[in-house]
Amino acid sequence: MVIEDEVTSNSDISNDNANAVHDNIESRFIQEQIAKVFSIWSDISKLPTVGPSFAYSQNSRSDLKELVEFGKSFLELQIHLSEYCMQINNTYVQALAKASEKAPKQYNSREDFEKYRKVAIDVFEDAFTGLYDSKEFASLYGLLQSNQFDLLMHLQKLNENNLKALNLPTRSDMDDMSKDIHELKKTVHDLIRKIEVLKINESGNLPY
Amino acid sequence: MNLETYLTSTSGKPDEKDTSTRQIIDTDILKEVGDITRKLEKTRDILHSAGDIIVGNTPNELVHEGRMYRLLHYRPMVSKTAKTPILVVYALINRSYILDLQPDKSWIRNLLSQGFDIYLIDWKTPTQLDKYVSFDDYVNNYIDTCVDFVRRKSSVDKITLHGYCMGATMSVIYSTLHLHCDKVRNLATIAPVIDSDKDTTVLANFSRYLEANKLFNSLGNLPSEQLYALYSTLKPFKQGVNKYFNLVENIDNDAFVQNFLRVEKWLYDTPPIAGETFRQWIIDIYQKNLLVANEMKIANEIIDLSKIKIPVLNIVAEEDHLVSPQCSASLNDAVSSLDKRLMRFHTGHVGLIASSYSQNNVLPKVGQWIKARSQ
């Protein structure tokens, strides 16, 4: 036993060493990659600030900021997502335990299965509806969604910058147009209504 | 190997003294297992080959159309109809054919058979270009245009406005803002969202924590997927899981299967909701509860529910898990009408409008109430 233990512990030590070396290589690699990315961005930002490259060089810094913000939102999303999964999982495990307690000792007929199915569905229904009814879960779900909206907005901002740099219409441009068209439609509708009222007043007819 | 072949091949091999008893038990169990397998196979085949499911087949005519709506006029089913037409305002969630799902469970068909002249606003699917379409547009433009169209076509000065769910809330808002025009004779609402503080549903709980401004800024319209995610939290096991068990059990009952497929089609036929409308719906109604407090504004006009003095019929479902009955019932306290009635029924949100129960218990009473107040 003693020998076995020693062997095991030696093996643990060598595994630990291997893991440590691996972690070290991984962390050095990540550091190198980050340094490279910053260096590329730095080069882009040194592009001439006149001519067609102007927009790219101007945008590079705000793009970098947007990427950092994206990373932050992504981290928050991960935290909330794991909390979300934990709450769902806990509810599931608790419901499963409760349903097991209520399970019959023997299944002698189809009716036994049917009865248990109903009991199990009731147990799971109560557990999950209780979870979804809680303020804690609703608030967490709200945060989870909010993080996803943030991520989308960061991506949109990055695309917006690139489209601007390429002199292409952006989402904001399209939104402005949609808003203008919508306002115009409203104005036309109101004008038509006013004309109808004027016509009715002139003719003295009922409005139908 | 099918069950009969299997039973024949195993029946001639007795090897224990209680063989006969065991064989009876085994045979019963095997028959059960065989039956379940057969039903599962049939369910799979039916679901895979469901094809086009026919819904909303009560004869109607498209009489008017805008970018966001279609106005349908149903062909009368009796020779003499009530002079006051009914304009049905459907919700912005899922499709209006739930009111005409199948002939024996059709809300529209039943009202037609009671001698009413029926119009329905069938909302179209908004695109990203429609993200700025707001409550103001729905109420003051689309509904108002349809009300005027129906008045003109039927040569009447007033109509009965009849809304369902979100459409009921919009009908209430319309009746308040267009009071001075005197175009609405009666207001009949089904499960309207009025006092969200009294709404104890899962939907209301999630709505209170939704960042509607961010949703609008990032996604524009509310996408269908968001709604499906919400639906999955409503009665997740009693309806979400159990309905499929029931389908397998009843797979040999053609009427049951067809009904299941129609409802399923409706459940997964969810258009997006225009962003600005959804933002106001969530923030003003669910988060700030402005409507019942008479503080909600549309196009700078305050919606004061106490100004409503026309006859009001409010129909609520006691087991509604989408809009709590007490949330809808608040309408009767908020309006000043002397002629107002609250009808409560022991059914759910969809059961209230598309079930045998509603045909037998709800619609006769609703028809009677409207008829007594129509010309």
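Table for the structure above
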| item | result |
| --- | --- |
| Per-region count, segment A:126-139, residues over 17 Å from B:Tyr286 (Cα atoms) and surrounded by fewer than 18 Cβ atoms within 10 Å (Cβ to Cβ) | 3 |
| Checklist (1) at pLDDT below 75; (2) under 30 Å from A:Asn159 (Cα atoms); (3) of a type in the set (A, V, I, L, M, F, W, C) applied to A:Val7, failing item | (2) |
| Hey, B:Leu179 farther than 20 Å from B:Ile315 by Cα and touching a helix residue (DSSP H, G or I) at 6+ places or on another chain (Cβ under 6 Å) or not | yes |
| Failed item in (1) in contact (Cβ under 8 Å) with a residue 60 or more places away in the chain; (2) open to solvent by less than 10 Å² (accessible area, probe 1.4 Å), with B:Asp100 passing the rest | (1) |
| Flag if A:Thr129 is within 9 Å of another protein chain (Cβ to nearest Cβ) and more than 22 Å from the chain's Cα centre (by Cα) | yes |
| Test result for A:Ala120, more than 8 Å from chain B (Cβ to nearest Cβ), open to solvent by less than 60 Å² (accessible area, probe 1.4 Å) and closer than 29 Å to A:Cys85 by Cα | yes |
| Scan of segment A:70-109 for residues that are touching an Asp or Glu at 6+ places or on another chain (Cβ under 7 Å) and part of a helix (DSSP H, G or I), ordered by number | A:Ser73 |
| Within segment B:113-218, strands (runs of 3 or more DSSP E) holding 1 or more residues that are open to solvent by 10 Å² or more (accessible area, probe 1.4 Å) and either within 13 Å of chain A (Cβ to nearest Cβ) or in contact (Cβ under 8 Å) with a residue 12 or more places away in the chain (or both) | B:118-123, B:184-190 |
| Residue pairs meeting the criteria (Cβ under 6 Å; at least 6 apart or on separate chains; first free of Cβ contacts under 8 Å to residues at least 24 places away in the same chain, in segment B:277-290; second buried (at least 20 other Cβ atoms within 10 Å of the Cβ) and of a type in the set (A, V, I, L, M)) | B:Asp284/B:Met296; B:Leu290/B:Met296 |
| Boolean, B:Asn300 is surrounded by fewer than 19 Cβ atoms within 10 Å (Cβ to Cβ) and within 13 Å of B:Thr176 (Cα to Cα) | no |
| Residue count for segment A:132-152, restricted to those that are more than 9 Å from every other protein chain (Cβ to nearest Cβ) and closer than 30 Å to A:Arg171 by Cβ | 2 |
| Restricting segment B:224-261 to residues that are within 9 Å of chain A (Cβ to nearest Cβ) and aromatic (Phe, Trp, Tyr), the residue that is farthest from A:Glu114 (Cα to Cα) | B:Phe237 |
| Residue check, B:Asn259 in contact (Cβ under 8 Å) with a residue 40 or more places away in the chain and over 30 Å from B:Ile53 (Cβ atoms) | no |
| Some residue of segment B:61-70 being closer than 22 Å to B:Tyr268 by Cα, at pLDDT 95 or above and assigned to a helix (DSSP H, G or I) | no |
| Evaluation of A:Gln94 against (1) farther than 30 Å from A:Leu67 by Cβ; (2) surrounded by 14 or more Cβ atoms within 10 Å (Cβ to Cβ); (3) polar (S, T, N, Q); (4) at pLDDT below 95 (one fails), failing number | (4) |
| Failed condition for B:Ile93, given (1) in contact (Cβ under 8 Å) with a residue 60 or more places away in the chain; (2) within 21 Å of the chain's Cα centre (by Cα); (3) surrounded by 23 or more Cβ atoms within 10 Å (Cβ to Cβ) | (3) |
| Segment B:305-322, residues that are of a type outside the set (Gly, Ala, Ser) and more than 22 Å from B:Leu177 (Cβ to Cβ) | B:Ile315, B:Val316, B:Glu318, B:Glu319, B:Asp320, B:His321, B:Leu322 |
| Segment B:327-336, residues that are surrounded by 15 or more Cβ atoms within 10 Å (Cβ to Cβ) and more than 21 Å from the chain's Cα centre (by Cα) | B:Asn332, B:Ala334, B:Val335 |
| From B:Glu318, B:Glu295, B:Glu276, B:Glu249, residue being charged (D, E, K, R) and at pLDDT below 95 | B:Glu249 |
| Residues of segment A:153-195 that turn out to be open to solvent by 60 Å² or more (accessible area, probe 1.4 Å), at the interface with chain B (Cβ under 10 Å from one of its Cβ atoms) and farther than 29 Å from A:Glu66 by Cα, as a count | 5 |
| When residues of segment B:95-112 are limited to those that are in a helix (DSSP H, G or I) and in contact with a Lys or Arg (Cβ under 7 Å, 6 or more places away or on another chain), the one farthest from B:Asp269 (Cα to Cα) | B:Pro103 |
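The values are calculated or read from the model by the stated rules, or taken from the named source; none is laboratory data. Here the structure is a predicted model, which means the values were calculated and not measured. A quick note on method: Cβ atoms are made from the backbone with ideal geometry, for glycine too, and the neighbour counts reach across all protein chains shown. Calculation scope for accessible area: heavy atoms of the full protein, side chains included, ligands and nucleic acids excluded. Shrake-Rupley method; radii C 1.70, N 1.55, O 1.52, S 1.80 Å.
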